[in-house]
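Step one of this worksheet: look at the structure below.
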Amino acid sequence: QAATFRCSARCCEDSTASMQQVQRCIERCQAPLAQAQAIVTAELERFQDRLSRCTLRCDDEAKDALEAGEAQAGVRGRLDACLAACGDAQLRLVPAMARRMQEGLAALPQ
């Protein structure tokens, strides 16, 4: 972020540049940071989507079991186990997610 701000400040120091030129210069300075944010955001959204789909599946299974007349206590236990399994599965994916983020960030131009 510091490099982005320094670059943007240099754009503003050019007294011969038009407002449009200054704006384009600032946008060029901010592009790498925006790209980095997009990489991280995409990975986190994918992580959240996968977790959400898993928990929705657990909820659906619990509702189906209750509608089929199963005892609430047993259904609750299975729901808790299913949700815990969702969390565990997602936690196992964190190292790969972090690696993809690092690789994506490393590939950005400096």
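Cβ-Cβ distances below 8 Å connect the following pairs, each with a first residue in the stretch 78-95 that is assigned to a helix (DSSP H, G or I), a second residue that is surrounded by 12 or more Cβ atoms within 10 Å (Cβ to Cβ) and among the polar types (S, T, N, Q), and a separation of six or more residues or different chains: Leu83/Thr55; Cys86/Thr55. Out of all the residues in the stretch 5-53, which are in a loop (DSSP other than H, G, I, E, B) and loosely packed, with under 11 Cβ neighbours inside 10 Å? If the condition is that a residue be in a loop (DSSP other than H, G, I, E, B) and loosely packed, with under 11 Cβ neighbours inside 10 Å, then Ser15, Thr16, Ser18 are the ones that fit. Within the stretch 80-92, is even one residue within 30 Å of Ala2 (Cα to Cα), open to solvent by 80 Å² or more (accessible area, probe 1.4 Å) and within 17 Å of the chain's Cα centre (by Cα)? The answer is no; no qualifying residue exists.
The values are calculated or read from the model by the stated rules, or taken from the named source; none is laboratory data. Nothing here was measured: the structure is a model prediction, and the numbers come from that model. Neighbour counts are summed over all protein chains in view; Cβ atoms, including those assigned to glycine, are modelled from backbone coordinates with ideal geometry. In case anyone asks, the SASA skips ligands and DNA or RNA and just uses the protein heavy atoms, side chains included. Shrake-Rupley method; radii C 1.70, N 1.55, O 1.52, S 1.80 Å.
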